[in-house]
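To keep things clear, I will list the structure first and then write my remarks on it.
The values are calculated or read from the model by the stated rules, or taken from the named source; none is laboratory data. Bear in mind that the values here come from a model prediction, so they are computed numbers and not experimental data. As a convention, Cβ positions derive from the backbone with ideal geometry for all residues, glycine included, and neighbour counts pool all protein chains shown. Protein only, heavy atoms only, side chains kept; ligands, DNA and RNA dropped before computing areas. Shrake-Rupley method; radii C 1.70, N 1.55, O 1.52, S 1.80 Å.
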Amino acid sequence: MKTQNEYLLLFRGTDWHKGLSPEQIQTVMNQWKGWYDRLMQEGKVKGGHPLEKEGKIVSGKKGRVVADGPFAEAKEAIGGYFLLQAGDLDEAVAIAKECPGLEFGALVEVRPIAEVCPTARCAEQNTREAELAHA
């Protein structure tokens, strides 16, 4: 169950390191790990992981279609995530701005974790409104 003020940082861009030397890549990766470790010590990160570049896409009724993927452009592909505990969205954005990959073209998407699925919440509200209209 979600506690208050959780945010997901989605790291987009799986080719940010193109054109960097192996030493430069190692330096940035060390900075990234140091950033993660500091946030963990501060109680701001609840978890996080890099993602493999390849997986499967399941679609269609009852998951009939299983394809290799994702095939998003490298700048859009999700390379990893952090689960944050932050005071508010502004604090989560401030933390995202510290991402070492930004300097090299990585993107960080900041998303609040919903306590209830927004689609389910909307459907429930629409059902209540329809019941009131027919009452």
Quiz item: Is there any pair linking a residue in segment 101-119 that is free of Cβ contacts under 8 Å to residues at least 40 places away in the same chain to one that is assigned to a strand (DSSP E or B) and surrounded by 15 or more Cβ atoms within 10 Å (Cβ to Cβ), with Cβ under 9 Å and at least six apart or on different chains, and which?
Solution: L102/V108
Practice problem: Identify all residues within segment 5-16 that are in a loop (DSSP other than H, G, I, E, B), on the phi < 0 side of the Ramachandran plot and open to solvent by less than 50 Å² (accessible area, probe 1.4 Å); write none if there are none. | Solution: T14, W16
Quiz item: Are any residues in segment 90-110 at pLDDT 95 or above, open to solvent by 50 Å² or more (accessible area, probe 1.4 Å) and not in a helix (DSSP H, G or I), and if so, which ones?
Solution: K97, E98
Exercise. Using the structure shown, decide if E76 is in a loop (DSSP other than H, G, I, E, B), farther than 21 Å from R38 by Cα, under 16 Å from the mean Cα position of the chain (by Cα) and without any contact (Cβ under 8 Å) to a residue 24 or more places away in the chain.
Key: no
Quiz item: Within segment 27-49, can one find any residue that is β-branched (V, I, T), surrounded by 12 or more Cβ atoms within 10 Å (Cβ to Cβ) and part of a helix (DSSP H, G or I)?
Solution: yes
Exercise. May I ask you to list pairs of residues, at least six apart or on different chains, whose Cβ atoms are under 9 Å apart, with the first in segment 12-24 being of a type in the set (V, I, T) and the second being in a strand (DSSP E or B)?
Key: T14/I78; T14/G79
